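Peer 1: The structure is given below, and queries will be raised subsequently.
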Amino acid sequence: MSVDPTLLDDLEWRGLIANSTDLDALRESLTSGSVRFYVGFDPTAPSLHMGHLVQVLTAKRLQDAGHTPYALVGGATGMIGDPKDSGERTLNNLDTVKDWVERVRRQIEPFLSFDGPNAATMVNNYDWTASLSTIDFLRDIGKHFPVNRMLARDVVRTRLEAGISYTEFSYVLLQSLDFLNLYRDHGVTLQFGGSDQWGNLTAGVELIRRADGGHAHAIATPLMTKADGTKYGKTEGGALWLDPEMMSPYAFYQFWLNVEDAKVGELLRVFTFLGRAEIEELEAQHAEKPFLRAGQRALAEQVTTLVHGAEETARIRDASAALFGGGDLTGLSPATLGAALREAGSTTLDGDEPMPNVVDLLVAAGLTKSKGDARRTVSEGGAYLNNVRIEDPDLVPGPGDLIGGSWLVLRRGKKNFAGVEVR
RNA sequence: GGCAGGUUGCCCGAGCGGCCAAUGGGAACGGACUGUAAAUCCGUCGGUGUAUACCUACGAAGGUUCGAAUCCUUCACCUGCCA
């Protein structure tokens, strides 16, 4: 298998290397043959999110360059919990973890190729830890971890204030053991992960050195944050989920389309497979005419296609164009409008029933969480029926308001659309 | 095991018998300005068609009181110090 010698330069150009062990040695190893590498995903939720996507796509970049992926799902580490600054995690039960492991595995698989000379392999660390005895673990692994060094880690130091259980304190040993096992059994010599994983990554490298005298590498990808340094996904739905059940593809697309100007270039590099020339061209366009938002459009198009497929993306693009196209919705065909609203979110009403007032409709359509919220929104001037501001919360739409005889278009604020289909 | 402190709304954090649906900050939401951007400014931010009202809520369950987030008891969890 021949490898792409420019891989590391490309990763650097994309800003994907926030931290790494000996970069020169890694470069040599990555250019001299197919490197077996691994990246792990702990099942902390039923779905992967934006942060995981960076890792999934990076794995794909490495595979595309000729290297061999081992995608690890943390059936074992997910039972323990990686310590985080904000405090002790709640343990999930085995059934939940197993379910989430399966879901996560299915989300990762489409991104990697499981055929060919550098086919990917899925592994689950539960397989080699479940039967491990405590004595063996403490003797063979624990012996290589000086507690004074473990205490010096940032997370641990932070957590010593608030408290940390032995369970979470031990997490790093499990993840390091993963690396050691994959190194021994599969010749894996590179692990990467988010920069919040840096301590875990280097601990693995060190374990391989101490236990086997082996030499392995680690790369940390940067943590994605907004221009003001805060995390993404602090909005209503929380994280940016990849699972269409947890976040509609339409909402997913809209997220990328609405990304702040200052981050477009960075996100294009990290989350798309567009080449350097294309991205620099988009950045130039964007710098010149930011209001056209060519960068955001390309970003939304590319990422949504990667995650939800080209067909779905085309539907969403058309829906977005229809809804945001302009003021006059009555000019749209009912079919186009219906398709758009079904992407954006809609509810149906029985035409034989009396039409509810606009407050109830806002709640039914999911635009507001309660009637009080709906009234408030109306009084704030933030609710619209067919793109016309609603002044009266008691307003009951009449037959003349039904576009194409069946659709009401509700909007909250500037960009939250929902449809009501009457039939 | 002993002693001390803590557990408040999405998050952080005030409140320490009535004026508390609960100060403040952040997040979020709406408006203005724009480009479905950022920044800024203004407003909102438990529920019920509108009530000096009722319901839900201040870790859980009881109790004291005309009245409790605020006092007492028990329980759970967390933190620190001592053993």
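Peer 1: Inside segment A:267-277, can you point out the residues that are open to solvent by less than 30 Å² (accessible area, probe 1.4 Å) and either part of a helix (DSSP H, G or I) or in contact with a His (Cβ under 6 Å, 6 or more places away or on another chain) (or both)?
Peer 2: Within segment A:267-277, the first condition is being open to solvent by less than 30 Å² (accessible area, probe 1.4 Å), and the residues that meet it are A:267-268, A:270-272, A:274-275.
Matches in segment A:267-277: A:LEU267, A:LEU268, A:VAL270, A:PHE271.
Peer 1: Further question on the same structure: Run down A:GLY345, A:GLY309, A:GLY351, A:GLY381 and say which single residue is small (Gly, Ala, Ser), near RNA strand B (Cβ under 9 Å from one of its atoms) and open to solvent by less than 60 Å² (accessible area, probe 1.4 Å).
Peer 2: Result: A:GLY381 is the single residue among A:GLY345, A:GLY309, A:GLY351, A:GLY381 that is small (Gly, Ala, Ser), near RNA strand B (Cβ under 9 Å from one of its atoms) and open to solvent by less than 60 Å² (accessible area, probe 1.4 Å).
Peer 1: Filter segment A:256-266 down to residues that are in a helix (DSSP H, G or I) and touching a residue at least 40 places away in the same chain (Cβ under 8 Å) and give me whichever is nearest to A:ALA227 (Cα to Cα).
Peer 2: Taking the candidates together, the pick is A:GLU266.
Peer 1: Return the residues of segment A:246-264 that are open to solvent by 20 Å² or more (accessible area, probe 1.4 Å), more than 9 Å from RNA strand B (Cβ to nearest atom) and under 22 Å from A:ARG14 (Cβ atoms); say none if nothing qualifies.
Peer 2: A:PHE255
Peer 1: Failed condition for A:ALA300, given (1) more than 25 Å from A:ARG412 (Cβ to Cβ); (2) out of contact with any Asp or Glu (no Cβ under 9 Å at 6 or more places or on another chain); (3) modelled with pLDDT of 95 or more, with all others met?
Peer 2: The one condition A:ALA300 does not meet is (1).
Peer 1: Quick one: which of A:THR58, A:THR68 is open to solvent by less than 30 Å² (accessible area, probe 1.4 Å), closer than 27 Å to A:LEU299 by Cβ, at pLDDT 95 or above and out of contact with any helix residue (DSSP H, G or I) (no Cβ under 7 Å at 6 or more places or on another chain)?
Peer 2: A:THR58
Peer 1: Only one of these is in contact with a Ser or Thr (Cβ under 9 Å, 6 or more places away or on another chain), within 13 Å of RNA strand B (Cβ to nearest atom) and not basic (Lys, Arg): A:VAL363, A:VAL422. Name it.
Peer 2: A:VAL363
Peer 1: Which condition does A:ALA364 not pass, out of (1) closer than 19 Å to A:ALA251 by Cβ; (2) at pLDDT 90 or above; (3) in contact with a helix residue (DSSP H, G or I) (Cβ under 8 Å, 6 or more places away or on another chain), if it passes all the others?
Peer 2: Of everything listed in (1) closer than 19 Å to A:ALA251 by Cβ; (2) at pLDDT 90 or above; (3) in contact with a helix residue (DSSP H, G or I) (Cβ under 8 Å, 6 or more places away or on another chain), A:ALA364 misses just condition (3).
Peer 1: What is the one condition in (1) farther than 19 Å from A:VAL422 by Cβ; (2) open to solvent by less than 40 Å² (accessible area, probe 1.4 Å); (3) at pLDDT below 90 that A:GLY327 does not satisfy?
Peer 2: A:GLY327 satisfies all of (1) farther than 19 Å from A:VAL422 by Cβ; (2) open to solvent by less than 40 Å² (accessible area, probe 1.4 Å); (3) at pLDDT below 90 except (2).
Peer 1: In addition: Out of all the residues in segment A:357-373, which are under 31 Å from the mean Cα position of the chain (by Cα), farther than 16 Å from A:VAL422 by Cβ and open to solvent by less than 40 Å² (accessible area, probe 1.4 Å)?
Peer 2: A:LEU367, A:THR368, A:ASP373, listed by residue number.
Peer 1: Give the number of residues within segment A:89-104 that are assigned to a loop (DSSP other than H, G, I, E, B) and either more than 16 Å from RNA strand B (Cβ to nearest atom) or in contact with a Ser or Thr (Cβ under 6 Å, 6 or more places away or on another chain) (or both).
Peer 2: Initially, segment A:89-104 is screened for residues assigned to a loop (DSSP other than H, G, I, E, B), giving A:89-93.
Imposing the further condition that a residue be either more than 16 Å from RNA strand B (Cβ to nearest atom) or in contact with a Ser or Thr (Cβ under 6 Å, 6 or more places away or on another chain) (or both) reduces the set to A:92-93.
Looking only at that region, the number is 2.
Peer 1: Now, a different point. Give segment A:384-419 a look and list any residue that's touching a strand residue (DSSP E or B) at 6+ places or on another chain (Cβ under 6 Å), closer than 15 Å to A:LEU349 by Cα and within 12 Å of RNA strand B (Cβ to nearest atom), or say none.
Peer 2: Passing the criteria: A:LEU410, A:ALA418.
Peer 1: Name the single residue that is nearest to the chain's Cα centre (by Cα) among those in segment A:387-423 being closer than 19 Å to A:LYS369 by Cβ and not in a strand (DSSP E or B). First the steps, then the outcome.
Peer 2: Initial filter on segment A:387-423 (closer than 19 Å to A:LYS369 by Cβ): A:390, A:393, A:410-420.
The next check asks that each one be not in a strand (DSSP E or B); those that pass are A:390, A:393, A:413-415.
Numbers: A:ILE390: 36, A:PRO393: 38, A:GLY413: 26, A:LYS414: 25, A:LYS415: 22 Å.
Checking each candidate, the answer is A:LYS415.
Peer 1: Checking A:LEU395 against (1) open to solvent by 40 Å² or more (accessible area, probe 1.4 Å); (2) touching a Leu at 6+ places or on another chain (Cβ under 7 Å); (3) not small (Gly, Ala, Ser), which test does it fail?
Peer 2: With (1) open to solvent by 40 Å² or more (accessible area, probe 1.4 Å); (2) touching a Leu at 6+ places or on another chain (Cβ under 7 Å); (3) not small (Gly, Ala, Ser) applied to A:LEU395, the lone miss is (2).
The values are calculated or read from the model by the stated rules, or taken from the named source; none is laboratory data. Computed from a prediction, not measured in an experiment: that's the story for all the values here. Cβ: placed from backbone, ideal geometry, glycine included. Neighbour counts: every protein chain shown. Surface accessibility is based on the protein's heavy atoms, side chains included, excluding ligands, DNA and RNA. Shrake-Rupley method; radii C 1.70, N 1.55, O 1.52, S 1.80 Å.
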